[in-house]
1. Looking only at region 69-86, which residues have a backbone nitrogen under 19 Å from a spot 7 Å from the Cα of residue 11 in the C-beta direction?
2. Got the relative contact order for the chain handy, in percent, Cα pairs under 8 Å and 6 or more residues apart?
3. Would you give the gap between the C-alpha center of region 1-27 and the C-alpha center of region 38-69, rounded to a whole Å?
4. As a test of the formula, what do you get for the chain when each DSSP H run with n ≥ 4 contributes -39,500 (n - 2.57) and the sum is divided by the residue count, at 222 nm and rounded to the nearest 500 deg cm²/dmol?
5. Among 41, 14, 33, which one moves the most in a GNM of the chain with springs linking Cα atoms closer than 10 Å?
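Nothing in this text is a laboratory measurement; each read-out follows from the coordinates by a stated rule. The model shown is predicted, which means the values in this text are computed figures rather than measured ones. Every residue, glycine among them, receives a Cβ derived from its backbone with ideal geometry; neighbour counts consider all protein chains shown.
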């Protein structure tokens, strides 16, 4: 009998829902202090997870939960980059 693999669950910092890690986008603060979206999920640094939905990002920005999770101030340009990444992922999902 094959052993079942454990699926890691992570909590979205926007909506607070627990979802499989692969379904979420990781936002990482690198050891150099740079904040960016990490689509591989393997970049070094402190990470936070968010659903690939603009509503969750807006909620996270409003409550400052990304900045609190990553323990750093986040400039607006970074939020725009993350919004672009989410927009691209949403487009890809609608094309499938």
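1. Taking a point 7 Å out along Cα→Cβ of residue 11, the residues of region 69-86 whose backbone N falls under 19 Å are 69-72.
2. Details: 131 pairs, mean separation 24.1, N = 96.
Computed value for the chain: 25 percent relative contact order.
3. Each part reduced to its Cα centre gives a spacing of 14 Å.
4. Details: 3 runs with 35 residues, N = 96.
That comes out to -11000 deg cm²/dmol.
5. Maximum fluctuation in the GNM of the chain, among the listed residues, is at 33.
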